[in-house]
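Let me begin by handing over the structure; questions about it come next.
The values are calculated or read from the model by the stated rules, or taken from the named source; none is laboratory data. Fair warning: this is a prediction, and the values are worked out from it, not measured in the lab. Cβ coordinates were reconstructed from backbone atoms using ideal geometry, including for glycine residues, and neighbour counts include every protein chain displayed. For accessibility, only protein heavy atoms count, side chains too; no ligands or nucleic acids. Shrake-Rupley method; radii C 1.70, N 1.55, O 1.52, S 1.80 Å.
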Amino acid sequence: MNKPLRPATRLLRAGRPHAGWVNTPVTRASTYVFDSVASWRDTRARREQERLPSYGARGTDSTHALEDALVELEQGHRAQLYPTGQAAIAVVLLAYLRSGDHVLVTDAVYEPVRRFCAGHLARLGIEVSFYPPDGTGVAQLLRPNTRMIYAESPGSLTYEMPGLRQLAELARQHDCWMAVDNTWASGLLCQPLALGADISILAATKYLGGHADVMMGAVVTNARAWRALERASIDFGQTVGADDAYLVLRGMRSLPLRLAQHARGALRVAEWLQGRAEVARVLCPALPGDAAHAVWRRECAGTNGLLTLEFAAGISDADMERAIDGLRLFGIGASWGGFESLVVPVQLANARSLPASRPHGAMLRLHIGLEDPDDLIADLEQAFATLPAGARAPHSPTPDSLRI
């Protein structure tokens, strides 16, 4: 019996619908023409149940190939593409929620989603409650009208992990949907659908594209969730261009190699940061001392390039920002997942609703790119030299499991 192919091998073959094509050609099309009225009518009738070429907004060979690759990556039923990750999230929320419904959202949610909930969902009469990012107490927050549990795992900026399998079981028991923003794991490090979720959302802008040159979102669902998402996506006119689909599909071919290098670099930098007196703690679920580490070990196959660090007492936001300005190899930019290293200050005051979700101290987020990590460490070291000399934080030895 043949063994199942591993993810890296499957990704090299996914989204290649025709023999002989290593890269699916770019198909730019808005209009498809038919040989007869009968053929036109037949296609329009069948396209509600089948994926057929009928109109550019409903997809071309290029977008269909990427959708197939995403289904393979996430082990789902069908996939839909969107112009941005935020667009993907907005359509998911509007596809499954109605006036009078209630949705439970992680307090570590991506900040634009929080604004969308406070503005558009509230305007539509949809109630929103936030639950602790580690997933504690969710069962007690469920209401008779709860129609969705929405998770990020790990959560934005601080990387808490609620335990997707447990949340999915609660959703099943309550007969509501379970949606997960899976951008951090990029479909390779974690498959929420296999853990029981109905809907997995990805910002393809990040690691899937991988080269900081394309904007896109994607959603992969199981069979029971697909029809509602498909209908909402058509009604809202959501589609992407063939060239962007080509770029993301090309980026996915090297996803396993790139993520492995991002992880090696991030853990090397994390080890160095944990030994610095200026740093109170480093947040990353792959670190043995992290509060989410046990869940990460159960649900993920690796880590990525993201780290958030909290500075020691005595280092102010102004001190931190001067250090950021002194960095030479880290660009100041928010959209991580490309090949380049990035840094941004973290402000949680407006990004959290629950007081327990707001750590103290100046914080910054690093995205460790594909540069040599020793060069990045040298850059951080020269920037840290500008911080107040008296700032100190207690440290324990770095676990051997982090040594690279």
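Determine the shape class of region 291-350: with a ≥ b ≥ c the square roots of the Cα gyration tensor eigenvalues, call it rounded for a/c under 1.5, and otherwise prolate if a/b is greater than b/c, oblate otherwise.
oblate
According to a simple spin-label model (label point 7 Å from Cα along Cα-to-Cβ), what is the distance in nm between L141 and A385?
The answer from the label model is 4.6 nm.
Kindly write out, for region 115-122 in residue order, the coupling ³J(HN,Hα) from the Karplus curve 6.51 cos²θ - 1.76 cosθ + 1.60 (θ = phi - 60°), rounded to whole Hz, with x marking Gly and Pro.
Values per residue, Gly and Pro as x: 5, 4, 5, 5, x, 6, 5, 4 Hz.
Under the Karplus relation 6.51 cos²θ - 1.76 cosθ + 1.60, θ = phi - 60°, what is the ordered set of whole-Hz ³J(HN,Hα) values for region 303-309, x standing for Gly and Pro?
In residue order, the calculated couplings are 10, 10, x, 8, 9, 10, 10 Hz.
Per residue, what accessible area does the chain have, given a 1.4 Å probe and all protein chains present, in Å²?
44 Å²
Given the options H77, H367, H262, state which has the largest fluctuation in a GNM of the chain using a 10 Å cut-off (strictly under) for Cα springs.
For the chain, modelled as a Gaussian network with Cα springs under 10 Å, the answer is H77.
Let me ask something else. I need the shape label for the chain. Rule: rounded when a/c is under 1.5, else prolate if a/b > b/c, else oblate, with a, b, c from the alpha carbon gyration tensor.
prolate
Between S129 and L348, what length in nm is gained on full extension when 0.36 nm per residue of separation is reduced by their alpha carbon distance?
Net length gain for the segment: 77.1 nm.
What does the charge count near T386 come to, summing +1 for each Lys or Arg and -1 for each Asp or Glu among other residues with Cβ under 12 Å from its Cβ?
With Lys, Arg at +1 and Asp, Glu at -1, the neighbours total -4.
Then there is this: On C-alpha positions alone, give me the angle between the axis of helix 164-174 and the longest principal axis of the chain, in degrees, nearest 10.
Helix 164-174 sits roughly 50 degrees off the main axis of the chain.
Follow-up. Provide the solvent-accessible area of T24, counting protein heavy atoms only and rolling a 1.4 Å probe, rounded to the nearest 10 Å².
T24 exposes around 10 Å² with every protein chain in place.
While we're on this one: Residue by residue through region 141-148, what is 3J(HN,Hα) from phi via Karplus (6.51 cos²θ - 1.76 cosθ + 1.60, θ = phi - 60°)? Round to whole Hz and write x for glycine and proline.
So the Karplus estimates, Gly and Pro as x, are 8, 5, 10, x, 9, 5, 10, 7 Hz.
Rounded if a/c is under 1.5, else prolate if a/b beats b/c, else oblate: with a ≥ b ≥ c from the C-alpha gyration tensor eigenvalues square-rooted, which is region 163-268?
Oblate shape, in that a/c is at least 1.5 and b/c is the bigger or equal ratio.
Another one. With n ≥ 4 as the cut-off for DSSP H runs, can you work out [θ] at 222 nm for the chain, using -39500 (n - 2.57) per run divided by the number of residues, rounded to the nearest 500?
Estimated from H runs of four or more residues: -10000 deg cm²/dmol.
Let me ask you something else. Under 13 Å from the Cβ of P345, count the other residues' Cβ atoms, weight Lys and Arg +1, Asp and Glu -1, and hand me the total.
Net charge in that neighbourhood comes out at -3.
Report in % the part of the accessible area of region 139-220 that belongs to carbon and sulfur, leaving out ligands and nucleic acids; probe 1.4 Å.
51 percent
Can you give the FRET efficiency for R6 and D213, using 1/(1 + (r/R0)^6), R0 = 35 Å, r = Cβ-Cβ distance, to the nearest 0.05?
Efficiency, rounded to the nearest 0.05: 0.80.
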